Every structure is written in C-alpha cells, then in structure tokens.
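I have a structure I would like to understand better, so I am pasting it below and will then ask my questions one at a time.
The values are calculated or read from the model by the stated rules, or taken from the named source; none is laboratory data. Small disclaimer: the values here were computed from a predicted structure and weren't measured. As a convention, Cβ positions derive from the backbone with ideal geometry for all residues, glycine included, and neighbour counts pool all protein chains shown. For accessibility, only protein heavy atoms count, side chains too; no ligands or nucleic acids. Shrake-Rupley method; radii C 1.70, N 1.55, O 1.52, S 1.80 Å.
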Amino acid sequence: MLDIESLEVSYGAVRAVRGVSLGVRKGELVTLLGANGAGKSSTLMAIAGAVRATAGRVRLDGADVTGATPENMVRRGVAAVPETRDVFPDLTVAQNLQLGAFTRRRDQAGVIHDRETHFTHFPILAERQHLPAGNLSGGEQQMLVIARALMSRPSVLLLDEPSLGLAPIVVDQIFDMIGSLKDSGLTILLVEQNAAKALAVSDRAYVMRLGRIEAEGPASEIAAATELKSLYLGAEP
Amino acid sequence: MNPVQFVLDVLSLGGAYALMALGLVIVYGILRLVNFAYGELIMVSGYTMFLVSGSGFPWLVMAGCGVVMAIAAGIATDYLAFRPVRAKSVTAVLITSFAFSTLLQNAALLFISPRPRAVPLPELFSRTVEFAGVITPVRNLITIAVAVVMLGIFSWLMRSTALGIAMRAAATNFRMARMMGIPANLIISAAFAISGLLAGTVAILWIGRIGTVVPGIGLEPLLIAFIATVIGGMRSLPGAVVGGFLLALIDTSLNYTLPQDLLKFRDAFTFSLVILILLWRPEGIVRGPASGQRT
Ligand SMILES: Nc1ncnc2c1ncn2[C@@H]1O[C@H](COP(=O)(O)OP(=O)(O)O)[C@@H](O)[C@H]1O
Ligand SMILES: [Mg+2]
C-alpha cells in the first residue's frame, strides 16, 4: 500500500534520512524503531509531505506521490499525527475535530457520525468538546489529535510517538486504541520509543540508526533479537 | 468639549482604523509578513471609483466596483508578489511587496495623474445631522454603522464558517493546518481577498472624508494599520480592533486637548504614547494564540 524507496531527507548539512526503503501492506501495522535522532520523524514527515524529501520515491497504491503537498496527501488518504501533538489550542475540541474532516466538507452527515463515534470512544472529549483544546491534558490532547486525524477517514495513518511523555495508564489506553484501529483494518505506520508495547501490537518492524534501516522483520523476531535492543533502546537498560 | 461629540469622533475614527488594522493583520497572522502593498488596495479602490464616476451608475454600484477591484488587487498581490517567492525567503517577499506597492503607485502617477482626482460621493456624505444634542457629519455615523456591520460579519466568518476556522488554525500552526488537508494557497488567497474587502470598505469611508484620491493615499492607512496592530498585538485579530480604537482614542484626545500651534506635531505625541504602550506591553495589548511557530 505504502512503498518508500531510497528516501533521503536533509536539513542543510544534516543528513537525517539516508536512503530509507520500507513498505507497509494494506491492513498492516508496522513499527519504526530507533534511538533519538535516528531519523524516524523525518521519515514520517517526508511521507506526509510536511518535510521535503531530497531524494527517493514515495508510492501509495502504486501511484508516485513523491513531493506531494501535505494537503494533497490527506486527500489521498494519508493522515499523520506528528510527535509535536499539535492541537489548535484556541479552537474548541469540536472545532479541532471538524478541521480534521476538512476534506469531507460535503459529507456533513458522515462527519457528524464519525465525531459521535469518537465521542463514544473518548467520553472525555465529548465532555470537553466546547472547551479550547489548549486546556486539555497531554493524554487528552493525544487522543484528540489521533481522533482528529481519523476524521479524514484515512486509509493510512502515520503515528509519531503517540505515547511520548504520557502517564502509564494513558499509554495503555493509547496502545489499546492503536490495536483496535488495526483490527478495524486501518493501515498504520507507527514510530515509537516504547518498543515492547509497540512490537506487541505490530505485524512487522524496522529498526533505524543514523538515518539508515539497520534491521527489519516480523515484530516477534525483532522483539526477540537481543542484539538489536541497544540500537533502539538507546541508553536505557 | 462635548462628551457625545468626543465619543462619536472616537468611534467613527476608531471604526475606520479597526477595519484598516484587521485588513493588515489577517494576512500577517497567517504569513507572518507585513504586506507593504496594503495601502495600495485602498488606492486601487479610490481610482476605480474615480474611473467609473462618469458611468451614470448609482453610487452604490460604483462603490461596489471599488470594493471588488480592491479584492481583485488583494488576490493579485498574492499571485504576483507573494506566491512566486514565498517559499524562498522572508526578505524576498518583503522586497516584492514593496516593489508591488511602488509599481501600483507609479502606474497611478503615470496613467492617471499625480494630482488629486475627485471620487463620486453621495450627497449624504456631506450632510450633517443633529444627534443627541450635537451636530455631526452623517458620514461619521455611516462609518460607525459600517464598522459595526463589517466587524460583525468578520467575527461571524472567523468563528462560524469552515473557512474562517481553517484560517484561524492556519494562523496558529500553518504546517499542522495543511496536514488537516487545508490547502495553503486557498487560505492565503482567502486572507488576501478579505484584506482587499476590508481595504475597499475603508477606502470608501476614508476617501469620504476628503473626496479625492491621490497616488500616495495608501501610505497613511498603512501606517495607521501598522501602528494599531503593533499596539493591539500583531498576532491577534481582536487585538487589531482594540489597537484601532485605542489609536483613535489617542488621536482624538490629542485633537481636543493640544493647543493650535502644537496640533501639527500631533503625530509626534501619538508616537510617544505608542512607545510608552509598547514599553509597558512589548507584545501588544492582546496576546496572540498560544503556539506560534512560523509556517
Ligand atoms: N527541523 C530540523 N532542522 C534541522 N535538523 C533537524 C530538524 N529536524 C530533525 N533534525 C535532525 O535530523 C536528525 C533526525 O531527527 P528526527 O527525524 O527527529 O529523528 P527521530 O525522530 O528518530 O528522533 C537529528 O539529527 C535531528 O537533530
Ligand atoms: Mg522523532
């Protein structure tokens, strides 16, 4: 479904991504692991069109979408949740969700239906729908940005470190949600520092180091390969 | 000094200032760039009204032509001055917007005239009425009414329409807004069009005070809009309105209190007060949205 070939991303002299090739099949949940600074976010943002790839190809369902604008990628069914967890702080929770459905303005009935579905999954968002999103806690904001991305009814979801900086109980909720999104048939490319939890829900995984893919394989194999742990766990024990 | 007269003066001047400031800040909020060609939108509107003045159309139609041309000129600013260099550098955009401003002014000098040209105004604009015990020009009351209506429409647009909410989102975080599928070009062109609508409206009210248009007519409104947004808060739409009315309050107060021989230095007094306000609140009176990275 998503095919990345020899992707390169540079920021001035910094070569953040150096020839990354990876693929995500339809309905798959694939995790991209790697220490801080490995180039995971740059890879994801380049796929989303938010960062310009300096070389390489991005293909979606066989169509070349390299260099497409972020708005174009959303229209093509690729929604991204960056690690910066950017809610629009002055807009209400409901308006944030409404914006997520910007590409579906002609389908108001469907938009309202989807919003209600998210509200049943996240009652806290329903409760706070008229509050500015900036007032939400970190975990609530994370739920909001994921729900907001889903409002475009994407076929591929790019998630960058959704559990970053959240309390353990909220992390579990987020992973439950990712699991059920996968079960609903959504194709997901996930970037995570929480390798154990991510591998537990994933089909396959890639490990990145210094802008390159160092290893790839079924999630269970990657999880079992102790020699890889130092690569993506960084300094952690 | 009659308090009713004073309030009417502040409100009518402030209404015009607030609309000028909004027109500048709507573009600034999204692009974080001052459109130096903003004043020329007012000029374009004025000359359009001059050019259609012999047409025999009803005045409202001629005024409508002026507004439409200001909107068109606003969108043209985007296409000709901003879009080609937007991705390159901030400096490039500032220079092209300056160049576009100069180009429009010189076109007016060359093809029309450096001398003032009369703009058609309805007879109503020169009449006065008695209102709450004071005699006041009708055009001041019209200015207040138009400002109230325009601010109302603007506020409804930004709060309740998909486009307005998308524009506010783009003003806080342009990249994330694009990742919602909101097209960058649509938002920017819409901002320029709204800027043109406000400039065109201001042009009618502003030119209504003097009755003529000259090539340099846009400079003062640009300066006023700039000062109003700086004191109100460059990144806030309500701030632009607050700044506009505050600047009008300062100007009107000085008009009422300064002795005749100091009145020609009014702007020096105004700027001193503006500096004091900025020392007190360097970011302007109304803070902008919480997150605010540039694109
Ligand atoms: N906007 C940027 N400007 C300059 N350098 C950047 C930028 N974003 C990331 N980098 C650099 O690119 C490299 C990869 O970063 P990133 O993609 O964020 O990695 P990861 O998500 O794996 O932590 C790092 O060295 C980082 O410092
Ligand atoms: Mg990252």
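If you take the residues in the range A:47-66 that are within 16 Å of ligand 2 (Cβ to nearest atom) and open to solvent by 10 Å² or more (accessible area, probe 1.4 Å), which one is nearest to the other protein chains (Cβ to nearest Cβ)?
Here is the first cut: in the range A:47-66, the residues within 16 Å of ligand 2 (Cβ to nearest atom) are A:47-48, A:50-51.
Add one more test, that the residue is open to solvent by 10 Å² or more (accessible area, probe 1.4 Å), and what stays is A:50-51.
Numbers: A:Ala50: 6, A:Val51: 9 Å.
Residue satisfying both the conditions and the ranking: A:Ala50.
Still on this structure: Does at least one position in the range A:39-46 carry a residue that is assigned to a loop (DSSP other than H, G, I, E, B) and open to solvent by 60 Å² or more (accessible area, probe 1.4 Å)?
From the range A:39-46, those assigned to a loop (DSSP other than H, G, I, E, B) are A:39; that's our starting set.
From what's left, open to solvent by 60 Å² or more (accessible area, probe 1.4 Å): none.
Looking through the range A:39-46, none of the residues is assigned to a loop (DSSP other than H, G, I, E, B) and open to solvent by 60 Å² or more (accessible area, probe 1.4 Å).
On to the next question. Can B:Leu223 be described as under 23 Å from B:Leu31 (Cβ atoms) and either of a type in the set (Asp, Glu) or away from chain A (no Cβ under 14 Å) (or both)? Steps first, please.
Numbers: under 23 Å from B:Leu31 (Cβ atoms): yes; either of a type in the set (Asp, Glu) or away from chain A (no Cβ under 14 Å) (or both): yes.
Yes.
Any residue that is part of a helix (DSSP H, G or I) and farther than 30 Å from B:Val242 by Cα - is there at least one of those in the range B:71-79? Break it down into steps so the answer makes sense when it comes.
Filtering the range B:71-79 for residues part of a helix (DSSP H, G or I) gives B:71-79.
If we keep only those that are farther than 30 Å from B:Val242 by Cα as well, we get B:79.
Yes; the residues of the range B:71-79 include at least one that is part of a helix (DSSP H, G or I) and farther than 30 Å from B:Val242 by Cα.
Given (1) open to solvent by 50 Å² or more (accessible area, probe 1.4 Å); (2) in contact (Cβ under 8 Å) with a residue 60 or more places away in the chain; (3) not in a helix (DSSP H, G or I), where does B:Ala87 come up short, assuming only one miss?
Just one mismatch for B:Ala87, condition (2).
Looking only at residues in the range B:173-225 that are under 21 Å from the mean Cα position of the chain (by Cα) and in a loop (DSSP other than H, G, I, E, B), which one is surrounded by the fewest Cβ atoms within 10 Å (Cβ to Cβ)?
B:Gly211
Would you point out which residue out of A:Leu157, A:Leu199 is out of contact with any Phe, Trp or Tyr (no Cβ under 7 Å at 6 or more places or on another chain), open to solvent by 10 Å² or more (accessible area, probe 1.4 Å) and either in a helix (DSSP H, G or I) or away from ligand 1 (no atom under 16 Å from the Cβ) (or both)? Spell out the reasoning first.
Numbers: A:Leu157 fails: open to solvent by 10 Å² or more (accessible area, probe 1.4 Å).
Result: A:Leu199 is the single residue among A:Leu157, A:Leu199 that is out of contact with any Phe, Trp or Tyr (no Cβ under 7 Å at 6 or more places or on another chain), open to solvent by 10 Å² or more (accessible area, probe 1.4 Å) and either in a helix (DSSP H, G or I) or away from ligand 1 (no atom under 16 Å from the Cβ) (or both).
Next question, about the same structure. Within the range A:67-107, work out how many residues are of a type outside the set (A, V, I, L, M, F, W, C), more than 7 Å from every other protein chain (Cβ to nearest Cβ) and open to solvent by less than 20 Å² (accessible area, probe 1.4 Å).
Qualifying residue count for the region: 3.
Has the range A:9-28 got any residue that is closer than 17 Å to A:Thr84 by Cβ and either more than 16 Å from ligand 2 (Cβ to nearest atom) or within 14 Å of another protein chain (Cβ to nearest Cβ) (or both)?
Within the range A:9-28, not a single residue is closer than 17 Å to A:Thr84 by Cβ and either more than 16 Å from ligand 2 (Cβ to nearest atom) or within 14 Å of another protein chain (Cβ to nearest Cβ) (or both).
Residues to consider are B:Arg127, B:Arg159, B:Arg117; find the one that is of a type in the set (Lys, Arg), more than 14 Å from chain A (Cβ to nearest Cβ), open to solvent by 60 Å² or more (accessible area, probe 1.4 Å) and without any contact (Cβ under 8 Å) to a residue 24 or more places away in the chain.
Numbers: B:Arg159 fails: more than 14 Å from chain A (Cβ to nearest Cβ); B:Arg117 fails: without any contact (Cβ under 8 Å) to a residue 24 or more places away in the chain.
Step by step, each of B:Arg127, B:Arg159, B:Arg117 is checked, and only B:Arg127 is of a type in the set (Lys, Arg), more than 14 Å from chain A (Cβ to nearest Cβ), open to solvent by 60 Å² or more (accessible area, probe 1.4 Å) and without any contact (Cβ under 8 Å) to a residue 24 or more places away in the chain.
In addition: Tell me which helices (runs of 4 or more DSSP H) are completely within the range A:60-130 and hold 1 or more residues being within 16 Å of ligand 1 (Cβ to nearest atom) and modelled with pLDDT of 95 or more, or say none if there are none. Step through it out loud before you land on a result.
Numbers: elements: A:70-75, A:93-100, A:108-121, A:123-127.
Hits in the range A:60-130: A:70-75.
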